[in-house]
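Asker: Before I ask anything, here is the structure I am working with.
The values are calculated or read from the model by the stated rules, or taken from the named source; none is laboratory data. Being a predicted model, the structure only gives us computed values, none of them experimental. All Cβ positions, glycine included, derive from the backbone under ideal geometry; neighbour counts span all protein chains shown. The protein model used for the area step is the full one, side chains on, heavy atoms only, and it has no ligands, DNA or RNA in it. Shrake-Rupley method; radii C 1.70, N 1.55, O 1.52, S 1.80 Å.
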Amino acid sequence: MLWIALKMLTGDRAKYLGIIAGVTFAALLIAQQASIGCGLLLRTTSTIQDIADVDIWVMDRDDEFIDEMKGLTDDDLYRVQGVPGVDWAVRFYKGQGRVKLDAGNPKGKGLYQQVTVLGLDDATLVGAPREMVVGTLADLRIPDAVVMDENGFKYLWPNEPLRPGKVFEMNDHRAVIVGVCKASDTFQTFPILYTRYFQAVQFIPQARNVMTAVFVHPKPGENVHALCRRIEERTLAPDGRPRLKALTRQEFIWLTLNYFIRRTGIILNFSITVSLGFVVGCAVAGQTFYTFTLENLNQFGSLKAMGVSNLRIVGMVLTQASVVGLAGYCLGVGLAALFGEIVPRFSRLAFYMPWQVLVGTAAAVGLIVVLSSLLSVRKVLFLEPAVVFRG
C-alpha cells in the first residue's frame, strides 16, 4: 500500500514538485528569518562572548544588560578581592566615547565618530582580544595606545591597508592605534577600542565612578556558582540587600538576551515574518495537496471497493504528506543554511542557526503537513466506493 501511495504521489510530477516547492519555501522562510533573529540577538552579547578568559562578572545589582551598567567604586573592587575563594579580581570599563579624526581622513575633516571603549586592567590586560591581525598586545602598554577592531578600522579608513600609527583625539587626549584585532560584530556596529583602564579613564568624560565591572577568577577547585553567591553575601548594602551582582559568563549572556527580548521588538518582528512563512506554506501545500487528492479520488475509490479499510487509506495519505514534508524540510533548511554560509562572507549579516531553529522549523513543517493532510483525509474518508463506477 505504501508503494502504491508513493506511485500516486509522483505520478503527476508537476503537482508533486509544486507541493514540495510550497513546503520548501515555508521551511526556508521560517529557518532563515529565525536564524537572522537569533544572530541579531546574539550580537547584543558579543562583548561578553569575546572576553572568554573571565569566569565571573561582578556588577551593580540593578544592571540588566552589558550596554548600560552603573559605575562601581574602588571599595567594591577591594571587597570582592577579599572574598574567600577569589584568586584575583581586576577592573574593567566599557562605555561609549567620541573620536575626532584628523584632516586626512577620507570621511572628512574634523569628523566625530562614536566608538565603544573597553578599558582593560593595566597589569594583566584581562579581557584583551584573542586574535591580533596587526601589532601585539604588549604595545598597549605604550602611552596613548589603543587597539581597534578590524571592521572599525575598515569603516574609518576604507581602502587603506591595516596598519598601526593612525592618530586621533578622544576627550582632548591623543590616541594612537598600535594594533588591529579580530572582534565579533556588535549590535550597535560602532568601532571597538581596547586600551588600558587608566588610559580609558582619560578618553571619556569624567565621572565619579567609571569602573563598569569587576572580573573575577576563582581559586582552583572553587565552585563558580557558590563563589558568586558568596560575593553577593559579602557585599551587602545598608538595606540588607546585596550591593553587587555576581554572574557567570553564561548567566550574564542570558541576562542581556532576556533584556533585549523583553524590551525590544526583535522577537515580535521576526515572529511575524516566521508566521507569514507558516501561513503561506499551509495555503500553498494545503491547496495543492487537496487538489491532488481530488484528482485521485477514483484511485482511492477503487482501493476502497477492493476492501481497503479507511485506516489504510489514511495511512497512505499521511505517507504521501510525510514524504512531501520531509523533502520540503530538507530543501528549505539546506537553502537557509547555504544562505547563511555565503551571504555573511560579503556583508555583515547577522545569521546564527542553533539546533532550536532546526527543531522549530521541523515542528512548523510537521504542522503544515498535518493540516494539509486533514483537508485531504476528510474527503477520502467520506468517499463512496461506487464513485469509481460512475461515468
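Asker: Please specify each residue of segment 117-126 satisfying the condition of being at negative phi and either of a type in the set (A, V, I, L, M, F, W, C) or modelled with pLDDT under 90 (or both).
Answerer: Scanning segment 117-126 gives Val117, Leu118, Leu120, Ala123, Val126.
Asker: OK, next. Would you say Pro129 is outside any helix (DSSP H, G or I), of a type outside the set (Phe, Trp, Tyr) and modelled with pLDDT of 90 or more?
Answerer: yes
Asker: Within segment 336-355, how many residues are part of a helix (DSSP H, G or I), free of Cβ contacts under 8 Å to residues at least 40 places away in the same chain and not hydrophobic (A, V, I, L, M, F, W, C)?
Answerer: Of the residues in that region, 3 qualify.
Asker: Would you please name the residue that is least open to solvent (accessible area, probe 1.4 Å), looking only at residues in segment 232-246 that are closer than 16 Å to Asp74 by Cα and over 30 Å from the mean Cα position of the chain (by Cα)?
Answerer: Only one residue fits best here, namely Thr235.
Asker: Tally time: how many residues in segment 204-217 are surrounded by 18 or more Cβ atoms within 10 Å (Cβ to Cβ) and of a type outside the set (A, V, I, L, M)?
Answerer: 3
Asker: Do the conditions hold for Val54, that is, is it touching a strand residue (DSSP E or B) at 6+ places or on another chain (Cβ under 7 Å) and of a type in the set (Val, Ile, Thr)?
Answerer: It is true that Val54 is touching a strand residue (DSSP E or B) at 6+ places or on another chain (Cβ under 7 Å) and of a type in the set (Val, Ile, Thr).
Asker: Exactly one condition in (1) over 29 Å from Leu244 (Cα atoms); (2) in contact with a Cys (Cβ under 6 Å, 6 or more places away or on another chain); (3) part of a loop (DSSP other than H, G, I, E, B) is false for Pro143; which is it?
Answerer: Failed condition: (2).
Asker: Using the structure shown, decide if Thr189 is of a type in the set (Val, Ile, Thr), surrounded by fewer than 21 Cβ atoms within 10 Å (Cβ to Cβ), closer than 23 Å to Asp67 by Cβ and touching a Lys or Arg at 6+ places or on another chain (Cβ under 8 Å).
Answerer: For Thr189, the condition - of a type in the set (Val, Ile, Thr), surrounded by fewer than 21 Cβ atoms within 10 Å (Cβ to Cβ), closer than 23 Å to Asp67 by Cβ and touching a Lys or Arg at 6+ places or on another chain (Cβ under 8 Å) - is met.
Asker: On to the next question. Looking at the structure I just gave you, is Tyr112 surrounded by fewer than 19 Cβ atoms within 10 Å (Cβ to Cβ) and of a type in the set (Phe, Trp, Tyr)?
Answerer: Against the criterion (surrounded by fewer than 19 Cβ atoms within 10 Å (Cβ to Cβ) and of a type in the set (Phe, Trp, Tyr)), Tyr112 qualifies.
Asker: Out of (1) modelled with pLDDT of 90 or more; (2) at positive phi, the odd one out for Ile177 is which?
Answerer: For Ile177, the failing item is (2).
Asker: Tell me yes or no: at least one residue of segment 235-243 is under 27 Å from Trp57 (Cα atoms) and in a helix (DSSP H, G or I).
Answerer: Scanning segment 235-243 turns up no residue that is under 27 Å from Trp57 (Cα atoms) and in a helix (DSSP H, G or I).
Asker: Collect the residues in segment 265-289 that are open to solvent by 50 Å² or more (accessible area, probe 1.4 Å) and more than 20 Å from Val359 (Cα to Cα), keeping them in residue-number order.
Answerer: Within segment 265-289, Asn269, Ala283, Val284, Gln287 meet the criteria.
Asker: Additional query: Only one of Val201, Val180 is in contact (Cβ under 8 Å) with a residue 12 or more places away in the chain and open to solvent by less than 20 Å² (accessible area, probe 1.4 Å); which?
Answerer: The unique qualifying residue is Val180.
Asker: Restrict the check to segment 122-133 and report whether at least one residue is closer than 23 Å to Thr212 by Cα, open to solvent by 50 Å² or more (accessible area, probe 1.4 Å) and among the aliphatic types (A, V, I, L, M).
Answerer: Looking through segment 122-133, at least one residue is closer than 23 Å to Thr212 by Cα, open to solvent by 50 Å² or more (accessible area, probe 1.4 Å) and among the aliphatic types (A, V, I, L, M).
Asker: Hey, any hits in segment 64-72 for a residue that's free of Cβ contacts under 8 Å to residues at least 60 places away in the same chain and not β-branched (Val, Ile, Thr)?
Answerer: There is at least one residue in segment 64-72 that is free of Cβ contacts under 8 Å to residues at least 60 places away in the same chain and not β-branched (Val, Ile, Thr).
Asker: Scan segment 313-337 for residues that are open to solvent by less than 10 Å² (accessible area, probe 1.4 Å), of a type in the set (Val, Ile, Thr) and under 17 Å from Leu367 (Cβ atoms) and report the count.
Answerer: Here the count works out to 2.
Asker: Is segment 32-44 home to any residue that is within 14 Å of Phe252 (Cβ to Cβ), touching a residue at least 24 places away in the same chain (Cβ under 8 Å) and surrounded by fewer than 16 Cβ atoms within 10 Å (Cβ to Cβ)?
Answerer: Within segment 32-44 (the criterion being within 14 Å of Phe252 (Cβ to Cβ), touching a residue at least 24 places away in the same chain (Cβ under 8 Å) and surrounded by fewer than 16 Cβ atoms within 10 Å (Cβ to Cβ)), the answer is no, since none of the residues qualifies.
Asker: Also, quick follow-up: Can you pull out the residues in segment 154-172 that are in contact (Cβ under 8 Å) with a residue 24 or more places away in the chain, surrounded by 13 or more Cβ atoms within 10 Å (Cβ to Cβ) and more than 24 Å from the chain's Cα centre (by Cα)?
Answerer: Once the filter is applied, which keeps residues that are in contact (Cβ under 8 Å) with a residue 24 or more places away in the chain, surrounded by 13 or more Cβ atoms within 10 Å (Cβ to Cβ) and more than 24 Å from the chain's Cα centre (by Cα), segment 154-172 yields Leu156, Trp157, Leu162, Arg163, Pro164, Phe168, Glu169, Met170, Asn171.
Asker: I would also like to ask the following. Looking at segment 320-335, which of the residues that are among the hydrophobic types (A, V, I, L, M, F, W, C) and touching a residue at least 40 places away in the same chain (Cβ under 8 Å) is farthest from Phe351 (Cα to Cα)?
Answerer: Ala321
Asker: Looking at Asp76, Asp50, Asp55, Asp63, which one is among the acidic types (Asp, Glu), under 22 Å from the mean Cα position of the chain (by Cα), open to solvent by less than 20 Å² (accessible area, probe 1.4 Å) and at pLDDT 90 or above?
Answerer: After ruling out the rest, the residue left standing is Asp63.
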